[in-house]
Each structure stands twice: as C-alpha cells, then as structure tokens.
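Visitor: Input: one structure, supplied below.
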Amino acid sequence: MKLPKQSENFPEWYNKVVQYADLAENSSVRGCMVIKPYGYAIWENIQSVLDKKIKELGVVNVYFPLLIPESFLKKEAEHVEGFAPEVAVVTYAGGKELEEKYVIRPTSETVMYDTFSRWIKSYRDLPLKVNQWANVMRWEMRPRLFLRTSEFLWQEGHTVHQSLAEAEEMMMQALKMYEDFAKNYLAIYVIAGEKSNLEKFAGADKTTTIEGLMRDGKSLQMGTSHNLGQNFAKSFSIKFLDKNNKEQYPWQTSWGVSTRLIGALIMAHGDDQGLILPPAISPYQVVIVPIYKNEEERKKVMEEINKMIRPSLQDQNIRYFVDDSEKTPGWKFNHWEQKGVPLRIEVGPKDIEREIATVANRLSADKSELKLSELSKIAELLNSFQSDLLVRNQKFVEENTYQAENMDKLKEMIDEGVSGFYKSGFCGSNDCERKIQSFKTTIRVKPFAAGKQKCLVCGKEGQEVYIAKSY
Ligand SMILES: [Zn+2]
C-alpha cells in the first residue's frame, strides 16, 4: 500500500496515513469515528502521562452526566451563542417527548457549575480543582478523523478560586503543562500565548493556547486554557463567604486537550513513508523483525531474540513488538515504517554468527550495526530519537515563519502559496482582526513575551502575533 506524496496532496496523504497506520476509520454514524487499537494505544499513552501531570497540579478526577438540561446552556449568553450551532439535542426518551430537552455535552462548564453552586459555600471550600476524562459532541459539517469529529475524547479541567490572581495562576499552570507535554512528549515545538478577542473561548475573559505548525504550513490549536473570570459564577450563582463573612463570586478556569493531539502527531511529524511517532508516546518504541529463509533458520533466530533481545528490552522498560508473522521482511519493514515505530531491529542467521543486530532509525532512515552485547544502548538511541524529532520540528517552525509588515505583504505571500506562520504586529481591535480573517487567515496566538510591532492593518501601536491558516 503506497501513500500519496505529502507535498502533492496533503489531505489525501493524511487520510491514507490514518487508514494504513490503522489509527481510526469512519463509522456508520456520520462524523463519528471508530478509534482502532493502534490509535487508541496512542491516546492511552497521552492520557497516562497527562493524568499524572494533572494530579500533580492538585486536581482530582470526577465524572458528570453526558446530558445537560438545555436551560443550563442558555444561562451564559456568550457561551450559548458560541455553541448553539454545534449542539445535538435529545428530545425523546422513555417512549415520549421530554418536557425539558437535554443537550449532549459539547463541554461541561454549565452542568458542572450548577453543581458547584451547591458544593461551594465558604472560602474553606476553595480552591476547587477537578478534571474529567470524557467524550463530547459538537456537530461537525465537514468531519475529518481526529481533527474534526462530531464526537471526540478529551479531558476538561475546571477550577474555582477566591481571587483573580489565583485563577490566572491556575490557567497558566495548565497551559505550561500542555506546552511541556507538547514539546517533551509529542516533540512538537508549539508557540504558547494568548488568543485574540475573536478567537477566545465563548464565555471566557481570556484564552491561552498552544499552537503547532503542521507540515503543510497550517496551524493547529492543540490545547487551550481559559480564565473564565466571574462570568459563569454569576450566571450559575456560585457564591462563597470570604474570611470577612462577605459574600463573593469566585473566579474560574477551564482547560482541555483532545484526541485532536493524534492528528497533530500525524501532521507535525509524518513523511512520505507514513507516521513518525515520538518514542515517549509510541505504542511500540521498537519492532523486532526476524530474518530467515527456512524453518531451521527461523528457530535459530527466534531463540536468539527470546534469549538475548527480549530480556534486554524488558530490562530497559522499552515497549516492543516481535513481528514473527508469515509476511515477508520487506512487507514488515514497510508496514512498521508506515506505523511510525521509531526503531526497528533486524536479526538474521548471519547477524547471530557475528553477534550483531541491525538497527534502522525511522527518522534518519539510517541503518547501523549494534553488538548484541550492547543492546543496553537502545534506551539511549530512543532518547536521541526523541530529542532529534523535537529539533527537526523546531527547525521546521523557524524555517516556515515569515515577517508580514503590512496587509500587502501578507496578501503577496498568501497569493504566492507561501504557507506557515506570518509574524505581524496587531493593535487588538476587532475591526483589524476581521480584515485579517477576510484573507482566510486568523490570528493564532500572541506569544507571552510578545514584543512591540505596528499593526499590519492600521499601522497603530501593536504587539507581535502569529497569523496563519489553520485547521
Ligand atoms: Zn490595527
């Protein structure tokens, strides 16, 4: 199964990678995906790392209902406006029309905060910090596996605090966690910062984001963390008595990442041969392919694998797979390359005589010999692979970031098909932002340490932002 060239037809390349690498497929429910074992294993690895990090922030896991009374969603004006076009509604159950309709959660702010209003009475109940791993539904008109599906999996963190400063700190802690995870586990060199007014979350005072640059030059929002201010607290009557026995509205945050991160992995690292997975997240870090011509050779090679290689990899806590299926070695090489496994170990009878194995690297495409007595170096090779992948991605981001001083320059680059991050100045006004959107580009992020730069639309004082086409 040969993939289309990434440079020639990126969307088709993406679809085929998802298919050939056995990550997911479309289901009989339009817009809803079936996540296959290999794709789900990636999600499980993402979950297990993030779940630990979330708990390290003092956040505990909870579960809230899938269905939300429709009236809840209407309580926060901006929030309902933002989500109304995407919600699916349950109107019929138990053999009759329901008196109150239920919305299938597009996100859980409303159903959680209604409950929080009963949980929180005093400053002693704060901070309240919970997280939920769940599925959500946002009806998609143009679904794409992992990137835009009507149902997807995610985690959503929700916290309540006594002060704005505490909420702001929590929002930043969550975003830093995502930035660290993207760089050090997914090997994606994200740009972290603030969303513009028209791009922020419906109902939030401030939205922060991490944005990754995909290999077609489009930006992907990979995670967001919001300071909700007191907006929801006021809509849902969450109040607490402070130390002076005075009634106050608390300050809130919410933050999340989803199965979209798998789409990010595919598009940030993949090449014409298929996926390239970072060892920190890859379901298998090493695949072992025995090479033999007959049954006698097969026995000899498998014995060596079982005696020498397996125990060494187990000692190093490496996730590995021995492919001793009936397929040819060439088929197996291609198959595991498409699935993005970082390292492949090949062993044949001649290698055993020479007490070596051949190690093939998915990223550099190099093959090298490794002495069987030095198998303990595999962990080191995986560490180098992980850092090389991040370096490659950082270089890609740097090489595909351009200056756009004004709208003419931006238009010129778009017309010439130059795609990537366009670095510009922006004054912050909605009018200027709408003009940028009219080029089918959006302000993706204002980096936290943004310098001053004149607005590309109006020429007034502004701050540096990254503009791009996006998913
Ligand atoms: Zn402006």
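The values are calculated or read from the model by the stated rules, or taken from the named source; none is laboratory data. Small disclaimer: the values here were computed from a predicted structure and weren't measured. Here the Cβ positions follow ideal geometry from the backbone for every residue, glycine too, while neighbour counts run over all protein chains shown. SASA here: full protein model, heavy atoms, side chains in, ligands and nucleic acids out. Shrake-Rupley method; radii C 1.70, N 1.55, O 1.52, S 1.80 Å.
Visitor: Only one of (1) at pLDDT below 95; (2) closer than 30 Å to Val160 by Cβ fails for Gln47. Which number is that?
Guide: It is condition (1) that Gln47 fails.
Visitor: Looking for whichever is at pLDDT below 95 and assigned by TED's automatic domain parsing to the domain that holds Pro250 here; the options are Glu156, Glu151, Glu78. Which one fits?
Guide: Checking each option against the conditions leaves just Glu78.
Visitor: While we're on this one: Which numbered condition in (1) outside any helix (DSSP H, G or I); (2) buried (at least 20 other Cβ atoms within 10 Å of the Cβ); (3) not acidic (Asp, Glu) is the only one that Val301 fails?
Guide: Among (1) outside any helix (DSSP H, G or I); (2) buried (at least 20 other Cβ atoms within 10 Å of the Cβ); (3) not acidic (Asp, Glu), Val301 violates only (1).
Visitor: Looking at the structure I just gave you, is Ile378 part of a helix (DSSP H, G or I), open to solvent by less than 70 Å² (accessible area, probe 1.4 Å) and aliphatic (A, V, I, L, M)?
Guide: So Ile378 passes the test.
Visitor: Hey, another quick one. For Tyr102, all conditions in the list (1) open to solvent by 20 Å² or more (accessible area, probe 1.4 Å); (2) under 28 Å from the mean Cα position of the chain (by Cα) hold save one; what is the number of the exception?
Guide: All conditions pass for Tyr102, except number (2).
Visitor: Could you list, in sequence order, all residues of segment 75-96 that are surrounded by 15 or more Cβ atoms within 10 Å (Cβ to Cβ) and in a loop (DSSP other than H, G, I, E, B)?
Guide: Lys75, Glu76, Val87
Visitor: Something else now. Residues of segment 9-45 being more than 26 Å from Lys332 (Cα to Cα) and out of contact with any Pro (no Cβ under 6 Å at 6 or more places or on another chain), which ones?
Guide: Once the filter is applied, which keeps residues that are more than 26 Å from Lys332 (Cα to Cα) and out of contact with any Pro (no Cβ under 6 Å at 6 or more places or on another chain), segment 9-45 yields Ser27, Ser28, Val29, Arg30, Cys32, Met33.
Visitor: Name the residue that is nearest to Met171 (Cα to Cα), counting only residues in segment 432-442 that are surrounded by 13 or more Cβ atoms within 10 Å (Cβ to Cβ) and within 11 Å of the ligand (Cβ to nearest atom).
Guide: The qualifying residue nearest to Met171 (Cα to Cα) is Glu433.
Visitor: OK, next. Anything in segment 419-446 that is in contact (Cβ under 8 Å) with a residue 60 or more places away in the chain and part of a helix (DSSP H, G or I)? List them, or say none.
Guide: Matches in segment 419-446: Asn430, Glu433, Arg434, Gln437.
Visitor: Of a type in the set (Ser, Thr, Tyr) and in contact with a helix residue (DSSP H, G or I) (Cβ under 6 Å, 6 or more places away or on another chain) - does that describe any residue in segment 322-333?
Guide: Within segment 322-333, not a single residue is of a type in the set (Ser, Thr, Tyr) and in contact with a helix residue (DSSP H, G or I) (Cβ under 6 Å, 6 or more places away or on another chain).
Visitor: If Ser384 meets every condition in (1) within 21 Å of Val190 (Cβ to Cβ); (2) surrounded by 13 or more Cβ atoms within 10 Å (Cβ to Cβ) apart from one, which number is that one?
Guide: The number of the failed condition is (1).
Visitor: Tell me the residue from Pro283, Pro250, Pro278 that is surrounded by fewer than 23 Cβ atoms within 10 Å (Cβ to Cβ) and touching a Pro at 6+ places or on another chain (Cβ under 9 Å), please.
Guide: Pro283
Visitor: Out of all the residues in segment 107-114, is one or more buried (at least 16 other Cβ atoms within 10 Å of the Cβ) and either over 30 Å from Gln162 (Cα atoms) or of a type in the set (Phe, Trp, Tyr) (or both)?
Guide: yes
Residues checked against (1) within 11 Å of the ligand (Cβ to nearest atom); (2) surrounded by 16 or more Cβ atoms within 10 Å (Cβ to Cβ); (3) assigned by TED's automatic domain parsing to the domain that holds Glu199:
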| position | (1), (2), (3) |
| --- | --- |
| Leu390 | no, yes, no |
| Gly417 | no, no, no |
| Ser424 | yes, yes, no |
| Asn430 | yes, no, no |
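Visitor: Keeping to segment 336-375, report how many residues are in a helix (DSSP H, G or I) and within 25 Å of the chain's Cα centre (by Cα).
Guide: 3
Visitor: In segment 392-415, what residues are more than 15 Å from the ligand (Cβ to nearest atom), open to solvent by 50 Å² or more (accessible area, probe 1.4 Å) and not in a helix (DSSP H, G or I)?
Guide: Tyr402, Gln403
Visitor: Kindly indicate whether Asn135 is out of contact with any helix residue (DSSP H, G or I) (no Cβ under 9 Å at 6 or more places or on another chain) and either touching a residue at least 60 places away in the same chain (Cβ under 8 Å) or of a type in the set (Phe, Trp, Tyr) (or both).
Guide: For Asn135, the condition - out of contact with any helix residue (DSSP H, G or I) (no Cβ under 9 Å at 6 or more places or on another chain) and either touching a residue at least 60 places away in the same chain (Cβ under 8 Å) or of a type in the set (Phe, Trp, Tyr) (or both) - is met.
Visitor: Quickly run through segment 447-470 and pick out the residues that are free of Cβ contacts under 8 Å to residues at least 40 places away in the same chain, among the basic types (Lys, Arg) and more than 15 Å from the ligand (Cβ to nearest atom).
Guide: none
Visitor: Just one of (1) aliphatic (A, V, I, L, M); (2) open to solvent by 10 Å² or more (accessible area, probe 1.4 Å); (3) part of a helix (DSSP H, G or I) trips up Ala264, so point out which.
Guide: Failing condition for Ala264: (2).
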